[in-house]
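The values are calculated or read from the model by the stated rules, or taken from the named source; none is laboratory data. Keep in mind it's a predicted model, so treat the numbers as computed, not measured. Don't worry about glycine lacking a Cβ; one is built from the backbone with ideal geometry, like all the others, and counts go over all protein chains shown.
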Amino acid sequence: MLGKGKKGKMASAKIDTIIGQQTRIEGDLHFDGGLHIDGRISGNVIAEGDSGSVLTVSEHGNIEGNVQVPNVILNGTVTGNVHSGERIELAAKARVNGDVHYNLIEMAMGAEVNGSLVHESESDTSVVSFERDQFGTTNGPD
């Protein structure tokens, strides 16, 4: 499994909450810290605040909704968009039916994304607009 043998932030993450394989939750789930899902969530999964929260979804786990968590380790299925502001690991049995927004991504052979991969940098970038005059020349910012 990904993350095994690594001494990174996610490999040593503490699990605060476990959703068991026989558990089904309907509705949005808000958490802080470490969350491990073996069961089924029908709703959005959202990490609170600017924390270093970690979501781990096992091969038995299933989320039907959007995920918005800084660090994600996925080996199950997500039907919805995934927003990972820091890092996402897609293990061999990971399935995402939606877009994946990430800063850093690690994807194992066999992982599947049925949607777009969208890189988003941690730093705030400003958009600079350019306007063309009537002669087709570009006027940048002053």
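Things to note:
- Of all residues in segment 30-76, those satisfying the criterion of being of a type in the set (A, V, I, L, M, F, W, C), in a strand (DSSP E or B), crowded, with 19+ Cβ neighbours inside 10 Å and free of Cβ contacts under 8 Å to residues at least 40 places away in the same chain are LEU35, ILE37, ILE41, VAL45, ALA47, LEU55, VAL57, ILE63, VAL67, VAL72, LEU74.
- Residue in segment 106-116 that is surrounded by fewer than 19 Cβ atoms within 10 Å (Cβ to Cβ), small (Gly, Ala, Ser), within 12 Å of the chain's Cα centre (by Cα) and within 24 Å of GLU26 (Cβ to Cβ) present: no
- Meets criteria (within 12 Å of the chain's Cα centre (by Cα) and at pLDDT below 95) for GLY52: no
- Any hit, segment 80-102, residues being under 12 Å from the mean Cα position of the chain (by Cα), polar (S, T, N, Q) and within 20 Å of ILE37 (Cα to Cα): yes
- Summed over segment 77-86, residues that are surrounded by fewer than 19 Cβ atoms within 10 Å (Cβ to Cβ) and touching a Leu at 6+ places or on another chain (Cβ under 9 Å) total 1.
- Test: residue in segment 42-49 that is under 18 Å from ASP16 (Cα atoms), small (Gly, Ala, Ser) and modelled with pLDDT under 95: yes
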